[in-house]
Amino acid sequence: MAPFNKVFSPLKIKNMELPGRIVFPPIATNFADEKGFVTERLIRYLSDIARGGTGLIIVENTAINNEGRNLVREPRLDEDRYISGFRRLVEAVHKAGARIAVQLHHGGRSSSSKVNGSTPVAPSAVACPLFKEMPRPMTLEDIQRTVEDYAQAARRAREAGADAVEIHGASGFLPAQFLSPYANKRTDEYGGSKENRLRFPLELIAKVRKEVGPDYCIGYRFSGDEFVPGGLTLDDHREIAPRLVGAGIDLLHVTAGVLENVEEVGIVPAGKKKEGWHNYLAAGIKEVADVPVITVGKIVSLAAAEEVLQKNGADLVSIGRALIADPGLVRKSREGRFKDIVRCRQCNGCIHSLYSEGVMRCEVNPELGSGRS
């Protein structure tokens, strides 16, 4: 067996020093409570993965305000009262040996009135094909307020001790809705031309940067190809990515698809898709972006991660469902204990249970979130 030379090499991004190149991506769990506070179960769940040898853990989509929520138990950072819970989470993950980032989320047209009690807001009156609620087009005042909400949530994450924040611009959520002509039908300065559609994410990044300071790591997650007619492609994002970096982004996290093709293509690809089948998207972005790039999407082994890193197709590799199945996958692989690894079945039961049962479960890891995984 070839050594995992790249997987376990350190990487420094701004003031964040990573002990290795494996990332646990933000995957919704509903392990927060109904008011959005961090729970002991969420802390145990992420601490297990940290103890298992993962270098960077990104906390699941965390609400920057109430109107952008689409899950009942989505973690929240829209008020200062949520900081203390995140501080406990950060301290636990640090103690377990990993670094931690918080993903900042607004669902836009993919928010739910059943969750937040208000009509979704979005760039345009174009309903999400999955949630099917007609959103209210955002006014200029809405846009300015939302940009400020992102910045204040980032400030709270930093105050909680998080090593970085990640702006959720993937999966067809709010920043992607402004960027993509698939969802943005505006005719003012935030719609139409590519330059106008870039305005919201660029203003958002600049505001977050001003709030957290020059040395703090800001990541941005986006779908390298949305795989929908009229959506953004890799060629589009090869133009967009350098603009995001120029505005203040330090780390790019490249996934694929939008909510309505969630299992068919990239967000949580199941079925017959080949391991790491859309790594080419991250590789394409890495060619044009002068910051570290994370690849993600059906990568289930450190051997596959090492191959990507050796070929310079990415700087970091996200492993999601395989770490849900076995939080100790990284450590066991490093120790050569491959027979001890509990293998993910790629069944997406973890995602299906989130909506059918209201909380994440795993068929091969019944101890998920118990602290005993």
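The values are calculated or read from the model by the stated rules, or taken from the named source; none is laboratory data. Here the structure is a predicted model, which is why all the values come from computation and not from measurement. Please note: Cβ atoms are built from the backbone with ideal geometry, for glycine as well, and neighbour counts cover all protein chains shown.
From the list P3, P26, which residue is more than 22 Å from G358 (Cβ to Cβ) and part of a loop (DSSP other than H, G, I, E, B)?
Result of the check over P3, P26: P3.
Can you tell which of T139, T146 is at pLDDT 95 or above, more than 28 Å from G213 (Cβ to Cβ) and of a type in the set (V, I, T)? Steps first, answer last, please.
On the way: T146 fails: more than 28 Å from G213 (Cβ to Cβ).
The match here is T139.
Out of all the residues in segment 316-373, which are hydroxyl-bearing (S, T, Y) and either farther than 20 Å from P25 by Cα or part of a loop (DSSP other than H, G, I, E, B) (or both)?
S356, S370, S373, listed by residue number.
I'd like to verify a number: residues in segment 56-72 that are surrounded by fewer than 24 Cβ atoms within 10 Å (Cβ to Cβ), part of a loop (DSSP other than H, G, I, E, B) and at pLDDT 95 or above, how many?
So the answer is 1.
Does E91 satisfy the criteria of being closer than 25 Å to Y355 by Cα, of a type outside the set (S, T, Y), assigned to a helix (DSSP H, G or I) and under 21 Å from the mean Cα position of the chain (by Cα)?
no
Among the listed residues L251, L234, L174, which satisfies the condition of being touching a helix residue (DSSP H, G or I) at 6+ places or on another chain (Cβ under 6 Å) and buried (at least 24 other Cβ atoms within 10 Å of the Cβ)?
Unique residue meeting the criteria: L174.
Test each condition in (1) in contact (Cβ under 8 Å) with a residue 60 or more places away in the chain; (2) under 21 Å from H105 (Cα atoms) for A256 and report the one that comes out false.
(1)
Sort through G192, G172, G161 and tell me the only one that's out of contact with any Asp or Glu (no Cβ under 6 Å at 6 or more places or on another chain), among the small types (G, A, S) and free of Cβ contacts under 8 Å to residues at least 12 places away in the same chain. Walk me through how you get there before you give the answer.
Values: G172 fails: free of Cβ contacts under 8 Å to residues at least 12 places away in the same chain; G161 fails: free of Cβ contacts under 8 Å to residues at least 12 places away in the same chain.
Residue meeting the stated conditions: G192.
Among the candidates A157, A151, single out the residue that is under 22 Å from the mean Cα position of the chain (by Cα), more than 28 Å from V317 (Cβ to Cβ) and among the small types (G, A, S).
A151
Go through segment 284-303 and count every residue that is touching a strand residue (DSSP E or B) at 6+ places or on another chain (Cβ under 8 Å), farther than 16 Å from G55 by Cα and either of a type in the set (F, W, Y) or at pLDDT 95 or above (or both).
Residues flagged as touching a strand residue (DSSP E or B) at 6+ places or on another chain (Cβ under 8 Å), farther than 16 Å from G55 by Cα and either of a type in the set (F, W, Y) or at pLDDT 95 or above (or both) within segment 284-303 amount to 4.
Are any residues in segment 10-26 more than 19 Å from K332 (Cβ to Cβ) and surrounded by fewer than 20 Cβ atoms within 10 Å (Cβ to Cβ), and if so, which ones?
Residues satisfying the conditions are P10, L11, K12, K14, N15, E17.
Being within 22 Å of G68 (Cα to Cα) and modelled with pLDDT under 95 is the requirement here; does Y182 meet it?
Spelling it out, Y182 is indeed within 22 Å of G68 (Cα to Cα) and modelled with pLDDT under 95.
Quick check on my filter: what residues within segment 103-119 are touching a Cys at 6+ places or on another chain (Cβ under 9 Å) and either more than 15 Å from N184 (Cβ to Cβ) or assigned to a strand (DSSP E or B) (or both)?
G107, S111, listed by residue number.
Only one residue in R209, R221, R197 is buried (at least 17 other Cβ atoms within 10 Å of the Cβ) and touching an Asp or Glu at 6+ places or on another chain (Cβ under 7 Å). Which one?
Working: R209 fails: touching an Asp or Glu at 6+ places or on another chain (Cβ under 7 Å); R197 fails: touching an Asp or Glu at 6+ places or on another chain (Cβ under 7 Å).
That would be R221, the only listed residue that is buried (at least 17 other Cβ atoms within 10 Å of the Cβ) and touching an Asp or Glu at 6+ places or on another chain (Cβ under 7 Å).
Restricting to segment 333-370, give me the number of residues that are hydroxyl-bearing (S, T, Y) and at pLDDT 90 or above. Working first, answer last.
Kept after step one, since they are hydroxyl-bearing (S, T, Y), are these residues of segment 333-370: 333, 353, 355-356, 370.
Checking the rest, the ones that are also at pLDDT 90 or above come to 333.
Here the count works out to 1.
For segment 277-290, which residues satisfy the criterion of being surrounded by fewer than 20 Cβ atoms within 10 Å (Cβ to Cβ) and not in a helix (DSSP H, G or I)?
Matches in segment 277-290: W277, E287, V288, D290.
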